[in-house]
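Visitor: There's a structure below that I have some questions on.
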Amino acid sequence: MQYISTRGQAEPTDFFGVLMHGLAPDGGLYVPDEWPTLDPALLRRLRSMPYATAAWHVMRPFIHGGSTGDAGDRGISDATLRRLLEEAYASFVHHSVAPLFQTGPDEWLLELYHGPTLAFKDVAMQVLGRMYEHVLAHHDRHSTLVGATSGDTGSAAIEAIRRSTRASIFIMHPRGRTTEVQRRQMTTVQAPNVHNIAIEGTFDDCQRILKALFNDAAFRDEVSLSGVNSINWARVLPQVVYYATAASSLGAPDVEVSFSVPTGNFGDIFAGYVAKQMGVPIKRLVIATNDNDILARFLETGDHVLEGVTPTISPSMDIQVSSNFERLLFDIHDRDPARVRADMQALVDDGRFHVDPARLDGVRELFGAHRADERQTLAAIRDVFDETGFQIDPHTAVGVHAARTDRTEHPDDGTPMVVLGPAHPAKFPAAVERATGVRPALPPHLSDLYDREERLAVLPADVATVRDHIRAKLAG
Ligand SMILES: *Cc1c(COP(=O)(O)O)cnc(C)c1O
């Protein structure tokens, strides 16, 4: 399988190249040059397989292009992939990895938070960390991973890399904009290769600094820079799996299924789009947003306009520029990289771009978008608690609200709706307690989190300062 850049000015590369580089050298994102298809008979069988086996079937065409052999020197052989997936998913406390829980008539919650850091980021990161370690050892190389987090990516990445002997990791988070649980999950990891940076700014500032570091070719080579953000295709790919397994469990390929996806950087929902391209019968993908609803407005009008970030009780979705959206934009433009480049340049120059609404007809058939404000988010937490006795986190609640709004618009459609549950309620205890009156407890392995010692650097939102800090830490 070959990967091409959405901006069309980078050499195509294979899965290994994509894994190691994250962002393409021309500033674009890598996408597969064609979509492999999932055999309907295999899709039907996924429901009776262990999760790691299902993951192997769904992911291997993207790594080997469907061949059965060893991808040779550069790659990850079939047998290695199988072992890495089995090890990765053994770190989950729920044997099913991504279990479905019924929350209403034809409404299901896909629980994606049974990994070590209690958010769906573990589903991909536990795989990515193991792939890195394997590939670095294979090539006898070392690497510096840098990432930006609005809360959950950071802890998942740190957890995946903390035992690495070959990779150091630097994670930037917007100071004061994560919950205390999220921050402590990152800053209390006492490993010499783990470095936390609190940036005095927003998550978008962190993303901007990250992009600038990657665009600095000299620095990139000097420290063997690599990315852990969801711009890395190897982050998106493992997320395709649970769309396929959930659909299979609910009757695919014989029935269609819809998904409501709490959306920030557009990585998770883009994985749903990939599943659809592979032949998983997905009827609708609902983009569930909080007050930061730039994507919902774009789908409606074709205007993509930056307006600043509003902090909410679902902070992992407090994002204006959804990096992964460029992958969908590439397809909206019929894979014409010149158009993507023009839109991205307009975004930098004018803070906006516009797509002719006629071009959006295709994606509008698949994608819907609904917003939940703060009051509606709390109401959804309370409603699900009243109806089921089960606590959900605020991000999941945004998904529930969007799913139920979508249902009122398509009342007779008879399609099961799966709401993705991206985080455990104990990661966001204040909001959940406010809505339900009950404080959700951390699971046993994190119960002493509030007593652990923290370690972090506070830096201004300035590229040069961050670059110098990374150099100094690596030298020391
Ligand atoms: C990362 C995250 C999201 C957003 O996912 P994207 O892939 O960035 O769209 C939503 N909720 C939670 C809890 C997250 O950690």
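The values are calculated or read from the model by the stated rules, or taken from the named source; none is laboratory data. Every value quoted in this text rests on a predicted model; they were computed, and no experiment measured them. FYI the Cβ positions are ideal-geometry reconstructions off the backbone, even for glycines, and counts take in every protein chain you see. Note: accessible area is taken over every heavy atom of the protein model, side chains too, but ligands, DNA and RNA are not part of it. Shrake-Rupley method; radii C 1.70, N 1.55, O 1.52, S 1.80 Å.
Visitor: Of the options GLY104, ILE332, HIS138, report the single residue whose Cα projects farthest towards the positive end of the charge dipole of the chain (beta-carbon charges: Lys, Arg +1; Asp, Glu -1).
Guide: Result: HIS138.
Visitor: Quick one: what do you get for the chain if you divide its Cα Rg by 2.2 N^0.38 Å? Spell out each step's value before the answer.
Guide: Details: Rg = 20.7 Å, N = 476, 2.2 N^0.38 = 22.9 Å.
That ratio works out to 0.90.
Visitor: Now a separate question. How much length would be gained if the chain were fully extended between ALA217 and ALA90, taking 0.36 nm per residue of separation minus their Cα-Cα distance, in nm to one decimal? Please list the in-between numbers first.
Guide: On the way: separation 127, 0.36 × 127 = 45.72 nm, distance 3.75 nm.
Difference between extended and current length: 42.0 nm.
Visitor: Keeping every protein chain present and rolling a 1.4 Å probe, give me the accessible area per residue for the chain in Å². Before the final figure, lay out the partial values.
Guide: Numbers: 17360 Å² over 476 residues.
Dividing the accessible area of the chain by its residue count gives 36 Å².
Visitor: Could I ask something else about it? For region 148-163, take each phi angle, set θ = phi - 60°, evaluate the Karplus expression 6.51 cos²θ - 1.76 cosθ + 1.60, and give the result in whole Hz per residue in order, putting x for glycine and proline.
Guide: Ordered by residue, 3J(HN,Hα) equals 10, 9, 8, x, 9, 4, x, 5, 5, 5, 4, 4, 6, 10, 4, 9 Hz.
Visitor: Sticking with this structure for a sec: Just going by the charge dipole of region 143-298, with Lys and Arg at +1 and Asp and Glu at -1 on Cβ, which of ILE199, VAL181, ALA271 is farthest out on the positive end?
Guide: VAL181
Visitor: How much of VAL463 can a 1.4 Å solvent probe reach, expressed as accessible area in Å² and rounded to 10?
Guide: Its heavy atoms expose roughly 30 Å² to the probe.
Visitor: Highest first, please rank the peptides 366-374, 282-290 by the mean number of other Cβ atoms sitting within 10 Å of their residues. Walk me through the intermediate numbers first.
Guide: Working: 366-374: 19.8, 282-290: 25.3.
Per-residue mean Cβ counts within 10 Å order the peptides as 282-290, 366-374.
Visitor: Where nothing but the Cβ of Lys and Arg (+1) and of Asp and Glu (-1) is charged, how large is the charge dipole of the chain around its Cα centre, in debye to the nearest 20? Working shown, then result.
Guide: Numbers: 46 positive and 62 negative charges, 215 e Å.
So the dipole magnitude of the chain works out to roughly 1040 debye.
Visitor: When the helix-only estimate is applied to the chain (DSSP H runs of n ≥ 4, each -39,500 (n - 2.57), divided by the residue count), what is the mean residue ellipticity at 222 nm, nearest 500 deg cm²/dmol? It would help to have the intermediate numbers written out before the result.
Guide: Numbers: 19 runs with 214 residues, N = 476.
About -13500 deg cm²/dmol.
Visitor: Over the chain, what relative contact order in percent results from Cα pairs under 8 Å that are six or more residues apart? Please report the intermediate quantities before stating the final value.
Guide: On the way: 929 pairs, mean separation 87.9, N = 476.
It rounds to 18 percent for the chain.
Visitor: If each residue of separation counts as 0.36 nm, what is the full-extension length gain between GLU374 and ASP39 once their alpha-carbon separation is subtracted? Present the calculation step by step, with values, prior to reporting the outcome.
Guide: On the way: separation 335, 0.36 × 335 = 120.60 nm, distance 4.18 nm.
Working it through step by step, the gained length comes to 116.4 nm.
Visitor: Which distance in Å, rounded to a whole number, links the C-alpha centroids of region 103-137 and region 357-403?
Guide: 21
Visitor: Let me ask another. Need the list of lysines near LYS121 for cross-linking: C-alpha distance under 25 angstrom, and skip anything on the same chain fewer than eight residues off.
Guide: Correct list for LYS121: LYS211, LYS276, LYS283, LYS427.
Visitor: Moving to a separate point now. For region 429-473, what is the per residue volume of the convex hull drawn over the alpha-carbon atoms, in cubic angstrom?
Guide: Cα-based convex hull of region 429-473, divided per residue, equals 132 Å³.
Visitor: From the backbone phi of region 194-199, what are the Karplus-calculated ³J(HN,Hα) couplings (6.51 cos²θ - 1.76 cosθ + 1.60, θ = phi - 60°) in whole Hz, Gly and Pro given as x?
Guide: 3J(HN,Hα) across region 194-199, in whole Hz: 10, 10, 9, 10, 8, 8.
Visitor: So for the pair LEU306, HIS410, with labels modelled 7 Å out along Cα→Cβ, what separation do we get in nm?
Guide: Modelled inter-label distance: 3.3 nm.
Visitor: Any chance you could check the Cα centroid distance between region 324-345 and region 205-232 for me, in angstrom?
Guide: For region 324-345 versus region 205-232, the Cα centre distance is 21 Å.
Visitor: Provide the FRET efficiency to the nearest 0.05 for the ARG163-VAL458 pair, computing r from the beta carbons and using R0 = 30 Å.
Guide: Working: r = 27 Å, r/R0 = 0.88.
With a Förster radius of 30 Å, E is 0.70.
Visitor: Can you give me the three principal axis dimensions of region 328-466 from its C-alpha atoms, in Å, biggest first?
Guide: Computed over region 328-466, the largest-to-smallest principal extents equal 56, 52, 25 Å.
Visitor: May I pose another question? Ignoring any ligand, DNA or RNA, what whole percent of the accessible area of the chain comes from carbon and sulfur when the probe is 1.4 angstrom? Kindly include the intermediate steps, with their values, before the conclusion.
Guide: Working: 8400 of 17360 Å².
C and S atoms contribute 48 percent here.
Visitor: How many nm separate the modelled label positions at ARG382 and ASP26, each set 7 Å beyond the Cα in the direction of the Cβ?
Guide: Reported label-point gap for ARG382 and ASP26 is 5.2 nm.
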